[in-house]
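Enquirer: First the structure, which I've put down as structure tokens, then a few questions once you've had a look.
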Amino acid sequence: MTAATAVQPVSEADTDTLDRYWRAANYLAAGQIYLTANPLLTEPLQPEHIKPRLLGHWGTTPGLNFIWAHLNRAIMAHDAEMMIVIGPGHGGPAALANVWLEGSYTDTYPSVQRDSAGMHQLFRQFSFPGGVPSHVAPEVPGSIHEGGELGYSLSHAHGAAFDNPDLIVACVVGDGEAETGPLATSWHSHRFLNPAGDGAVLPILHLNGWKIANPAVLARLPEDELDALLRGYGYEPAYVTGSHDYVPHLEMAATLDTAIGRIRGIQAEARAGRPQTGVRWPMIVMRTPKGWTGPVEVDGLPVEGTWRAHQVPLAEVRTNPAHLRQLEEWMRSYRPEELFAADGSPHPDLLAHVPAGTRRLGSSPHANGGVLLRDLDLPDFRDYAVLVQAPGARESEPTKVLGTMLRDVLRRNDEQRNFRVVGPDETESNRLTAVLEVTGKAWEEQTLPVDRNLAPDGRVMEILSEHTCQGWLEGYLLTGRHGWFSCYEAFIHIVDSMFNQHAKWLKVARQLPWRRPVASLNILLTSHVWRQDHNGFSHQDPGFIDHVMNKKAEVIRVYLPPDANTLLSVADHCLRSRDYVNVIVAGKQPNPDWLDMDSAILHCTRGAGIWEWASNDGDGDGAEPDVVLGCAGDVPTLEVLAATDILRRELPDLRVRVVNVVDLMRLQPAAEHPHGMGDAEFNALFTADRPVIFAYHGYPWLIHRLTYRRDGHNNFHVRGYKEEGTTTTPFDMVMMNDMDRFHLVMDVIDRVPGLAARAARLRQQMTDSRSRARSWTREHGEDLPEVRNWTWSSR
Ligand SMILES: Cc1ncc(C[n+]2csc(CCOP(=O)(O)OP(=O)(O)O)c2C)c(N)n1
């Protein structure tokens with residue numbers, strides 16, 4: 001990176017070039033929205049040249065084109081490496097126009113050349129069946145941010161900037177987008193951005209005044225109030241204002257020059273060992289009309305500079321000759337004959353400020369992060385194994401054990417700086433504390449003597465905004481790095497919608513051969529539904545798994561490791577995987593260690609399997625089980641084993657098979673999910689005709705949803721979380737939801753044919769045990785000793 005250098009101010013000739021480029025981009029954007037033929041307007045516009053369905057968003061587009069044109073110049077003038085994140089990603093026509101003009105589009109899609117045939121194709125395919133989406137979707141080179149769901153631009157931009165010291169990420173924030181919760185909190189992201197080791201983000205707040213139908217709040221604030229707000233967020237705002245009559249090329253160029261100079265100045269100081277607190281990063285507030293340069297009025301109503309410009313300013317072009325005429329006048333106002341040669345290629349002079357090769361915004365390798373992805377240097381996860389001499393003989397805290405492995409992942413990859421751990425203030429609460437032995441928690445603001453583990457270059461990132469955590473990590477992953485997100489299970493729902501968007505992105509990206517695979521998004525859910533001693537009902541919701549299950553099977557994985565060694569094995573697998581969202585649910589409380597490491601690896605490789613040591617079916621004589629006890633999740637596994645213990649003691653003739661499921665997707669049919677089991681295997685495991693009592697970590701109907709096509713589905717009886725909870729003991733919690741060992745035994749008695757009469761006394765004992773366990777908690781404030789101290793006794 002070059003240090004702050006004096007840059008030639010732009011000349012009038014430069015602004016003329018920039019303006020020609022801008023006009024070309026605006027022309028190409030309008031053409032995409034409207035035209036299906038006659039792209040260069042070589043003949044008068046006819047209704048048959050117009051698309052039958054007019055789709056797309058014009059309003060934000062000319063402003064985006066203006067920004068892109070100026071970023072190009074700044075990249076060249078400052079020899080800068082830049083990337084663009086477009087918050088109002090509905091402005092797809094702008095991104096497509098620019099990547100076509102700069103040649104990135106043709107490099108990515110050689111069938112769309114920079115000539116009239118290519119322009120025709122560019123126009124026709126936009127928002128057209130079988131063509132390309134109207135947004136800055138994965139199909140658009142140079143993008144890591146769809147923008148369809150507003151709010152995530154700044155957090156994505158910061159994720160891209162972390163550990164990319166030479167990169168400046170220009171981030172366009174819509175003034176409507178700025179009203180969203182995620183965006184509002186993400187202004188603080190720079191407080192976690194280290195000028196020495198990270199790149200920079202240059203926010204460009206696009207005050208075009210309107211959303212779909214309403215004014216945007218920030219656009220209507222008195223200037224001093226807006227300025228105070230942005231300064232309060234820690235920025236040094238600079239203002240660029242344009243209007244119908246005035247295009248502020250000179251101001252924009254000078255403002256970008258100052259901003260980049262300032263960024264480099266801040267970085268130079270920090271990199272020279274003179275870090276400062278309270279750094280004020282530059283940002284630009286660009287106030288220009290919505291639908292700038294488009295129709296001023298349509299049918300006597302104002303359009304340019306109003307909400308009416310948001311989508312398609314002229315709606316009836318095919319049927320209304322006045323609209324058709326107006327469109328032609330509008331498009332000809334850009335003087336395409338001055339911008340494009342007869343063969344449709346852009347005149348080389350208007351590309352004078354367009355950078356070359358990978359400096360083009362549409363060709364940034366950071367925006368196709370898989371090309372930069374380096375494998376993590378992973379330790380051997382077996383080295384962190386807990387010793388298991390007999391199943392359940394010892395306990396450990398699974399996430400604490402995992403923390404030691406993650407610590408070493410951080411340590412081993414410290415030099416390549418491509419792994420971060422994010423979480424909303426919970427890394428220690430989630431018992432991943434060991435990671436802090438090798439790094440700090442990122443923090444650029446003031447510190448107090450009482451603070452612990454804060455460090456400007458910390459690789460653990462904590463902000464109490466699940467949105468920002470998720471956005472940072474998505475930006476980090478999509479630019480070719482790796483990470484780990486740990487979150488309280490109930491509050492991961494805060495990012496349901498962000499998860500949706502990321503899963504959609506992955507689904508589409510996987511179908512684009514030029515987008516290289518990126519590291520998976522690993523989400524560890526802990527402090528889960530069954531262990532809420534401190535908090536209770538508000539902190540109980542295992543429904544994220546149900547939500548995740550709605551997404552395309554090829555990008556979704558859900559793991560429920562029952563103990564520490566299986567968690568280690570699952571984590572290793574997830575850290576090596578690509579292009580998935582891996583959801584791992586694991587407890588942080590002391591939990592029996594069931595499997596030694598070799599068995600854990602075998603079990604995780606199978607994904608679901610019979611726990612021979614717990615089962616007594618097939619003992620010697622190969623007889624079939626009378627009942628299958630299924631379990632998925634650490635607490636359900638504990639309860640199933642405790643129930644098995646009772647059954648084997650009290651009903652020794654009953655043949656019980658215990659099946660544990662660690663990879664939830666194994667339950668699905670093979671046709672539905674790549675991990676799905678074939679029917680023969682499923683029947684062998686669960687039988688086609690024996691009762692299956694299944695204890696599941698989350699809401700019970702998910703297991704039904706996953707198994708409804710199986711032969712034995714009618715025999716599946718699932719216990720899980722029934723939305724009952726409060727601040728109470730662990731066992732009371734499972735009893736409240738009828739997933740306790742006593743209830744599972746009752747379920748077995750009720751479901752195994754012939755057992756009801758034979759085991760009536762045991763059933764009654766179980767009811768009594770539940771009552772006793774409940775009264776004990778009321779009297780003593782803790783669980784019954786026989787429950788608390790229960791351990792698996794192998795027989
Ligand atoms: C979270 C979310 N809520 C609602 C919408 C619907 N929507 C699409 S564009 C838009 C207005 C956006 O305004 P702004 O961010 O200022 O963009 P611009 O005016 O530049 O188009 C809205 C509300 C959305 N895309 N995402």
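The values are calculated or read from the model by the stated rules, or taken from the named source; none is laboratory data. The shown structure was predicted, so the numbers you read here are calculated from the model rather than taken from an experiment. Cβ coordinates were reconstructed from backbone atoms using ideal geometry, including for glycine residues, and neighbour counts include every protein chain displayed. What goes into the accessible areas is simple: the full protein's heavy atoms, side chains included, and nothing from ligands, DNA or RNA. Shrake-Rupley method; radii C 1.70, N 1.55, O 1.52, S 1.80 Å.
Enquirer: Which angle from 0 to 90°, rounded to the nearest 10, does the C-alpha axis of helix 760-780 make with the longest principal axis of the chain?
Expert: Helix 760-780 and the main axis of the chain meet at about 60 degrees.
Enquirer: Ignoring ligands, DNA and RNA, what accessible area per residue does the range 650-795 give at 1.4 Å, in Å²?
Expert: With all protein chains present, the range 650-795 gives 44 Å² per residue.
Enquirer: How far is helix 223-232 tilted off the main Cα axis of the chain, in degrees rounded to 10, range 0 to 90?
Expert: Once rounded, the angle reads 40 degrees.
Enquirer: Once you have the Cα-Cα distance between R412 and A684, take 0.36 nm times their residue separation minus that, and quote the gain in nm to one decimal.
Expert: 93.6 nm
Enquirer: Moving to a separate point now. What does the charge add up to near Y246, with Lys and Arg as +1, Asp and Glu as -1, over the other residues with Cβ less than 13 Å from its Cβ?
Expert: Within the 13 Å Cβ shell, the charges total -2.
Enquirer: For the chain, what's the relative contact order in percent, using C-alpha pairs closer than 8 Å and at least 6 residues apart?
Expert: The value is 11 percent.
Enquirer: What is the packing order of peptides 410-422, 49-61, taking the mean over residues of other C-beta atoms within 10 Å and listing the highest first?
Expert: The packing order, highest mean first, is 49-61, 410-422.
Enquirer: Amide H to amide H, which residues 5 or more places from V518 or on other chains are under 5 Å from it, using H placed in the peptide plane?
Expert: Distant-sequence amide H within range of V518: D579.
Enquirer: For the chain, with the dipole built from +1 on Lys and Arg beta-carbon atoms and -1 on Asp and Glu ones, taken about the Cα centre, which of I168, I601, I284 lies farthest toward the positive end?
Expert: Highest projection toward the positive end goes to I601.
Enquirer: Add -39500 (n - 2.57) for each DSSP H run of 4 or more in the chain, then divide by its residues: what number comes out at 222 nm, to the nearest 500 deg cm²/dmol?
Expert: So the helix-based figure for the chain works out to -11000 deg cm²/dmol.
Enquirer: Treat every Asp and Glu Cβ in the chain as -1 and every Lys and Arg Cβ as +1, leave all other atoms uncharged, and give the resulting dipole magnitude about the Cα centre to the nearest 20 debye.
Expert: 720 debye
Enquirer: Checking the cross-link filter: which lysines have an alpha carbon closer than 16 Å to that of K211, excluding same-chain neighbours under 8 positions apart?
Expert: K290
Enquirer: Can you tell me the 0 to 90 degree angle between the C-alpha axis of helix 466-478 and the longest principal axis of the chain, rounded to 10?
Expert: Here the helix axis deviates by roughly 70 degrees.
Enquirer: I need the peptides 738-750, 342-354, 91-103 ranked by packing, meaning the mean over residues of other C-beta atoms within 10 angstrom, with the highest value on top.
Expert: 91-103, 738-750, 342-354
Enquirer: So what's the projected area for the range 726-775, the Cα convex hull averaged over all directions, in nm²?
Expert: For the range 726-775, the mean projected area of the Cα convex hull comes to 3.3 nm².
Enquirer: Same structure, new question: For the range 686-795, what % of the accessible area comes from carbon and sulfur atoms, probe 1.4 Å?
Expert: Here it works out to 46 percent.
Enquirer: Sticking with this one: Here is the link list: K441/K588; K588/K722; K504/K588. Which ones come out longer than 25 Å on Cα distance?
Expert: Exceeds cut-off: K504/K588.
Enquirer: Follow-up. Taking the Cα centre of the range 379-490 as the origin, how large is its charge dipole in debye, to the nearest 20, when only Lys and Arg (+1) and Asp and Glu (-1) carry charge on their Cβ atoms?
Expert: 380 debye
Enquirer: Still on this structure, please answer the following. Which whole-number value in Å³ per residue fits the convex hull of the alpha carbons of the chain?
Expert: Looking at the chain, the number lands at 173 Å³ per residue.
Enquirer: Quick query: amide H of A455 versus all other amide H atoms, modeled in the peptide plane; which residues come in under 5 Å with a sequence gap of 5 or more or a different chain?
Expert: K441, A442, W443
Enquirer: Using the beta-carbon distance between L448 and D380 and R0 = 60 Å, what value does 1/(1 + (r/R0)^6) give for FRET efficiency, to the nearest 0.05?
Expert: Computed FRET efficiency for L448 and D380 comes out at 0.90.
Enquirer: Expressed in nm to one decimal, what extension gain is obtained for the pair R761 and R335 from 0.36 nm per residue of sequence separation less their Cα-Cα distance?
Expert: 144.1 nm
Enquirer: How many angstrom separate the Cα center of the range 661-689 from the Cα center of the range 747-792?
Expert: Each part reduced to its Cα centre gives a spacing of 31 Å.
Enquirer: Can I ask one more? Please list, or write none, the lysines whose alpha carbon is within less than 23 Å of the alpha carbon of K507, excluding same-chain residues fewer than 8 places away.
Expert: Straight-distance partners of K507: K551, K552.
Enquirer: Next question, about the same structure. Could you work out, for the range 53-103, what percent of all Cα-Cα pairs fall into each 5 Å distance bin, beginning at 0 Å and stopping at the bin that holds the largest distance?
Expert: Per 5 Å bin, starting at zero, the Cα-Cα P(r) for the range 53-103 comes out as 4, 19, 29, 24, 14, 6, 2, 1, 0 percent.
Enquirer: Further question on the same structure: Which order do the peptides 31-38, 356-363 take when ranked by the mean count of other beta-carbon atoms within 10 Å per residue, highest first?
Expert: 31-38, 356-363
Enquirer: What whole-number value in Å² describes the accessible area per residue of the range 103-182 for a 1.4 Å probe?
Expert: 27 Å²
Enquirer: What dipole magnitude, in Debye to the nearest 20, does the range 562-677 give about its Cα centre under +1 on Lys/Arg Cβ and -1 on Asp/Glu Cβ?
Expert: So the magnitude is around 440 debye.
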